[in-house]
Amino acid sequence: MTIEDRLEKMERELGRLKRRSRWLLGAILLVVGSLFVPEVFDTRAIRAQAQAAGTANEIRANKILLVDKMGDKRITLAVNEDGPYLAILDEKGNERVALTIDKNGPDMSMWDEKGNGRVSLSIDERGPHMSLFDENGIPRVGLAAFKNGPYLSLIDANDKTRAWLGIEKDTSLLLLKDKNEITRLSLAAFNDGSRMGLIDEKGLVRAWFAVLKDGSRLVLDGEKGEPRAWLAVVKEGPRLVLADENGKVIWSALK
């Protein structure tokens, strides 16, 4: 079987993937058209290797380059020390999509027309995670599905996390942060109820609202984190408590 016959067979086999990957079909057509870069892909060497190995239906190479009709490199397929590597280039020769697999797992990256990384998708021992970057290379969105649960993080232009949404075991949690990454508002929903906390610039909870199995509560804290006033509606009835700056109760009422 000649190299042309083997390439024709490869085209038929990979043609079934057309609906899943149109660019792959185009790559095979380029192969059939003999547009490999000569110094990288020597058909005579491959034929000799295939005959020696007795594998006439295989093509073996460490690196393959696919070029367009102008001879410009558009797809690189290689295997290096870290693992396999697939890169897709634009008409200017810039890498726009890359797919790799190393000891940590698979990774896919995408770049814009200026060469800035904009998308990173990886899978490692923690689970799958994705990052979206702005034009300055700062990650602005993070999405992951780890063993402890999924999360979504939103990041500002100064690389500070401003919002975080996650699920851990039986708790759903939303955190809103200021420009210094200090949580200023927290919302939580769990099996026994829900809670909202208001936090100052020092990270101290100044007020929190909770709805629990035994009732609902509103608590106001002082500058040192000590409770100064709280209102509760529980099984025993509504209750209002006031405290001094040291957290000592100075007045309370229970209906």
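Return the residue satisfying two criteria in turn: it lies in the stretch 150-181 and is within 19 Å of the chain's Cα centre (by Cα) and acidic (Asp, Glu), and of such residues it is surrounded by the most Cβ atoms within 10 Å (Cβ to Cβ).
ASP156
Just to be sure before I move on: is ILE75 part of a strand (DSSP E or B), modelled with pLDDT under 95 and over 30 Å from LEU185 (Cβ atoms) in the structure I sent?
no
Among the residues of the stretch 240-247, are any surrounded by fewer than 15 Cβ atoms within 10 Å (Cβ to Cβ) and closer than 29 Å to SER122 by Cβ?
no
The values are calculated or read from the model by the stated rules, or taken from the named source; none is laboratory data. Keep in mind it's a predicted model, so treat the numbers as computed, not measured. So basically every Cβ, Gly included, is an ideal-geometry build from the backbone, and we count neighbours across all protein chains shown.
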